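The values are calculated or read from the model by the stated rules, or taken from the named source; none is laboratory data. All values derive from a computational prediction rather than experimental measurement. Using ideal geometry, Cβ is built from the backbone for each residue, glycine included, and neighbour counts are taken over all protein chains shown. Heavy atoms of the whole protein, side chains included, go into the accessibility calculation; ligands, DNA and RNA do not. Shrake-Rupley method; radii C 1.70, N 1.55, O 1.52, S 1.80 Å.
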Amino acid sequence: MQISIITLGVSDLERSLQFYRDGLGFPTTKSVEDGIIFFKTGGVCLALYPYDKLVEDYNPGSGPVPERSGGFSGITLAHNTREKSEVEKILDRAEKAGGRIVKPAQDVFWGGFSGYFADPDGYLWEVAYADSWEFNEDGSLVID
């Protein structure tokens with residue numbers, strides 16, 4: 001098995017499209033009119049889909065859509081960088097695009113340098129660097 005798509009249920013598809021496409025620079029050929037947005041991100045596709053439709057997709061006829069609690073979901077997404085200086089640049093870019101910095105870039109216990117931002121729906125992204133990391137030609141992290 002492998003992960004092909006990670007789908008985020010979003011409250012405002014247009015706002016999230018603008019955040020990821022225009023703010024963070026993720027490439028897509030989709031528009032809000034398509035009802036779902038796909039971003040190709042070096043091997044795994046990131047998808048945005050309206051939250052209420054995602055609830056209906058996994059649990060048809062479940063009744064009222066549950067409210068999102070806004071608390072920590074136990075899921076984070078990550079972008080790993082080749083250069084330490086990229087961490088703060090990406091966090092800054094996310095903030096300018098409408099994201100919220102939840103942990104400024106800093107040296108961390110595991111020996112790297114990282115920070116976190118939340119996207120407009122509160123999904124957490126870690127932006128991280130470690131000098132021991134190696135990358136494949138496609139930009140993906142080498143995981144042994």
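Checking each residue in segment 45-93 for being of a type in the set (A, V, I, L, M), closer than 17 Å to residue 6 by Cβ and at pLDDT 85 or above picks out 46, 47, 48, 77, 78.
Listed by first and then second residue, the pairs linking a residue in segment 3-23 that is without any contact (Cβ under 8 Å) to a residue 24 or more places away in the chain to a residue that is open to solvent by less than 20 Å² (accessible area, probe 1.4 Å) and assigned to a strand (DSSP E or B), with Cβ atoms under 9 Å apart and 6 or more places separating them unless they lie on different chains, are 21/37; 21/39. Determine whether segment 99-106 contains at least one residue that is surrounded by fewer than 16 Cβ atoms within 10 Å (Cβ to Cβ) and at positive phi. There is no residue in segment 99-106 that is surrounded by fewer than 16 Cβ atoms within 10 Å (Cβ to Cβ) and at positive phi.
Picking from residues in segment 1-34 that are at pLDDT 90 or above, more than 14 Å from the chain's Cα centre (by Cα) and outside any helix (DSSP H, G or I), the one that is nearest to residue 75 (Cα to Cα) is 11.
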